[in-house]
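Visitor: Questions regarding the structure given below will be posed in turn.
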Amino acid sequence: MQLGYFKKFKFELIGKKLLCLSLCLFSTFPLLNYGLLTTINIVFLTVYLTNSKSTNFLHSKENWMRFLGITLYLFIIFLSLAYSENVELGLKIIKKSLFLLVFPFILLFFECKIPKRHIKLAYHSFVLVSFLIGLYVFFESVNKVGIIKIFYTSEVRRTISNFKYLDLHPTYISMYFSMSGYICSYYLSSKKNNLIRKICYLVIIICFILFIVICAARIIIIANFLILISYFLIKSSAKVYFKVLLTIFMILFFYYASTNVFIISSRFTNFNFELPTTDQPSSIEIRTGIYSCSFEIVKDNLWLGIGIGDVQSSLDKCYSKFNSSFFEKNKVDTHNYYSYLLISGGILALSSFFVFVVTIYREILNSLNIINFSFVLLLIVGLLTENVLLRAYGIVFFCFFLTTILTRENIKPSMS
């Protein structure tokens, strides 16, 4: 009997180590190409399921409510396939989005709490991978234009776009850099760290701030500004007048930085909100054209949308009225996930997504820290200019951090 117990204990220990290893492998997704993203998702979920306990979670009304809160908007979008003309494209989009359904289902209905030390390892693995990407982008750009000019030109953004092995994008890698910085700041504040370790965390945070600055992704810079102010207001025990003064100072500092500091100022000034009329329109002109077309489509299909399969074709039809070959040569999506929801599934889809936002926020309340808080706010703000939850890297980014939120040890369900 003792031998059987020992074998069971040994098997469980191996299982936990494999789960830790698979989670760390999962965290390296920023360095993996498209072909490997699905593989690491399946590997992690398989190992997770083999470690999960046999419970009655499938019969839990509470877990079903949490699951529906996170995924209801997806079901509504998927149902819009019924009135889509391009069913084939709609099915491709659904197939790509399946992990957004699978992860919450498995994490909520198959209990397997991951120890904090294992999540810490995965976080540090993610930080290391993000740091390597940052170093590559920085030195490759310096090699092309010199260390001074990278702060005054768009060479860094071109370097990111021209990287052949990975589908890198300034906004997405800036999200990685931001989350890595918040992970380091979380562990920097730990009393268990000695002085040397704290100095290392601080240096790495400074490097990530530098990487974010040279990438100059507007929406991520704005998101980080909102995160810092919001988290300070929520967590600080300072008096109200001090909070107000510091908030005003941070707003003034952001205004000064966005209008005077190096490459950032070029991204926040001289906006030209005109429709694209040339073959090489500016990023603002491109987005003006995109949002103009999105508004026209939404206006005529407000309640139910046009269906998940017809979003891109409707946009392309609208783009054809612009005197610009840019839209003929490039596939340009909505660049705003909220407008994508309105176009594909109408008001119902957008409303159900707000249920998703509330549910995710309630999930982090019992473990509110700078990592979880920044993840949620970064996602919500980032969706204003990027279809994060439609792209492979954005989906894996979401699934990874959702995993660390829902499976962390000593976290009780948030809904009662």
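Visitor: As a quick test, which of the pairs 149/243; 113/235; 96/144; 53/92 have an alpha carbon distance above 28 angstrom in this structure?
Guide: 149/243; 96/144; 53/92
Visitor: For the stretch 284-326, take N as its residue count and report Rg(C-alpha) divided by 2.2 N^0.38 Å.
Guide: So the stretch 284-326 has a normalised radius of gyration of 1.17.
Visitor: May I ask you to derive the relative contact order of the stretch 88-193, considering only C-alpha pairs under 8 Å and at least 6 residues apart, and to give it as an integer percent?
Guide: Relative contact order, the stretch 88-193: 26 percent.
Visitor: Determine, for the stretch 305-416, the count of lysine pairs separated by eight or more sequence positions (or lying on different chains) whose alpha-carbon distance falls under 17 Å.
Guide: 4
Visitor: Which whole-number percent gives the relative contact order of the chain, counting Cα pairs below 8 Å spaced six or more residues apart?
Guide: Relative contact order comes out at 24 percent.
Visitor: Give a quick list of trypsin sites (Lys or Arg not before Pro) in the stretch 70-149 that DSSP marks as loop, anything other than H, G, I, E or B, with at most 16 other Cβ atoms within 10 Å.
Guide: 113
Visitor: Taking all protein chains as present, what is the carbon and sulfur share of the accessible area of the stretch 141-207, in % to the nearest whole number, probe 1.4 Å?
Guide: 63 percent
Visitor: Kirkwood hydrodynamic radius, computed over distinct alpha-carbon pairs, for the stretch 170-309: how many Å, to one decimal?
Guide: 18.3 Å
Visitor: Can you work out the accessible area per residue across the chain, with the rest of the protein chains kept in place, probe 1.4 Å, in square angstrom?
Guide: Value for the chain: 51 Å² per residue.
Visitor: Another question, if that's okay. So what is log10(I(q)/I(0)) for the stretch 306-392 at q = 0.26 1/Å, when the Debye sum runs over its Cα atoms only?
Guide: -1.29
Visitor: Tell me the relative contact order for the stretch 21-101 as a rounded percent, counting alpha carbon contacts under 8 Å between residues six or more apart.
Guide: 20 percent
Visitor: Using a 1.4 angstrom probe on heavy atoms only, work out the carbon and sulfur share of the accessible area of the stretch 274-416 in %.
Guide: 58 percent
Visitor: Jot down the per residue volume, in cubic angstrom and as a whole number, of the convex hull over the alpha-carbon atoms of the stretch 342-389.
Guide: Hull volume normalised by residue count: 67 Å³.
Visitor: Over the chain, what number does the Rg to Rh ratio reach, with both radii from the alpha-carbon atoms and Rh per Kirkwood?
Guide: Rg/Rh for the chain comes to 0.98.
Visitor: Compute, for residue 282, the solvent-accessible surface of its heavy atoms (probe 1.4 Å) with the complete set of protein chains present, and express it in square angstrom to the nearest 10.
Guide: It works out to around 50 Å².
Visitor: Tell me, which cysteines of the chain are without a disulfide-compatible partner by the Cβ under 4.7 Å rule?
Guide: That list is 20, 24, 112, 184, 200, 207, 215, 399.
Visitor: Let me ask something else about it. Ignoring ligands, DNA and RNA, please state the percent of accessible area on the stretch 8-135 from carbon and sulfur, probe 1.4 Å.
Guide: Of the solvent-accessible surface of the stretch 8-135, carbon and sulfur hold 70 percent.
Visitor: Filter 116/191; 16/120; 198/239; 116/192 down to the pairs with a C-alpha to C-alpha distance above 19 Å, please.
Guide: 198/239
Visitor: A further question follows. For the chain, what does the helix formula give at 222 nm: sum of -39500 (n - 2.57) over DSSP H segments with n ≥ 4, over the residue count, nearest 500 deg cm²/dmol?
Guide: -23500 deg cm²/dmol
The values are calculated or read from the model by the stated rules, or taken from the named source; none is laboratory data. Because the structure is a prediction, the values reported are computed rather than measured. Note that we place each Cβ from the backbone using ideal geometry, even for glycine, and neighbour counts take in every protein chain shown. Note: accessible area is taken over every heavy atom of the protein model, side chains too, but ligands, DNA and RNA are not part of it. Shrake-Rupley method; radii C 1.70, N 1.55, O 1.52, S 1.80 Å.
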